[in-house]
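Everything below concerns the one structure shown next.
We did not get these values from a lab; they are worked out from the coordinates using the rules stated. Because the structure is predicted, anything quoted here is derived from the model rather than measured. All Cβ positions, glycine included, derive from the backbone under ideal geometry; neighbour counts span all protein chains shown.
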Amino acid sequence: MAVIIEIKTRTNFDFGFPEEAVNRSKQRFIKSAAEAFICENPQYLFIRFDIISILLDGEQVKEIVHFEEAFY
């Protein structure tokens with residue numbers, strides 16, 4: 001199995017939660033890249049798409065949330 005992870009970081013919620021930035025358009029782009037990866041690496045029969053959301057308070061990490069199987 002291969003895990004493809006999109007990491008999003010924010011310092012505030014002006015544009016929503018970090019994970020909300022992985023919209024349908026971004027997901028299509030990531031899926032397209034995954035298809036190219038699979039063509040080059042056929043040994044991976046399954047791909048999981050995760051998102052890691054990071055919220056910063058200044059330079060300190062305030063919160064990290066890992067969303068497994070965030071989309072397909």
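For the reader, a short list of remarks on this structure follows.
- Filter result for the condition that a residue is basic (Lys, Arg) and under 30 Å from residue 59 (Cα atoms), over 28, 10: 10
- Counting only residues that are of a type in the set (Ser, Thr, Tyr) and either touching a residue at least 24 places away in the same chain (Cβ under 8 Å) or within 16 Å of residue 3 (Cβ to Cβ) (or both), the stretch 19-55 holds 2 of them.
- Applying a threshold of 6 Å to beta carbon distances and a minimum spacing of six or more residues, or different chains, the list of pairs starting in the stretch 56-72 at a residue that is of a type in the set (Lys, Arg) and ending at one that is surrounded by 12 or more Cβ atoms within 10 Å (Cβ to Cβ) and in a strand (DSSP E or B) reads 62/55.
- The stretch 24-72, subset assigned to a helix (DSSP H, G or I) and hydroxyl-bearing (Ser, Thr, Tyr), residue surrounded by the fewest Cβ atoms within 10 Å (Cβ to Cβ): 25
- Filter pass, residue 19 being loosely packed, with under 11 Cβ neighbours inside 10 Å and under 16 Å from the mean Cα position of the chain (by Cα): no
- Flag for residue 13 being over 13 Å from the mean Cα position of the chain (by Cα) and surrounded by 10 or more Cβ atoms within 10 Å (Cβ to Cβ): yes
- Tally of residues being under 13 Å from the mean Cα position of the chain (by Cα) and more than 13 Å from residue 5 (Cβ to Cβ) across the stretch 56-72: 1
- Scanning the stretch 21-62 for residues that are in contact with a strand residue (DSSP E or B) (Cβ under 6 Å, 6 or more places away or on another chain) and among the hydroxyl-bearing types (Ser, Thr, Tyr) gives 44, 53.
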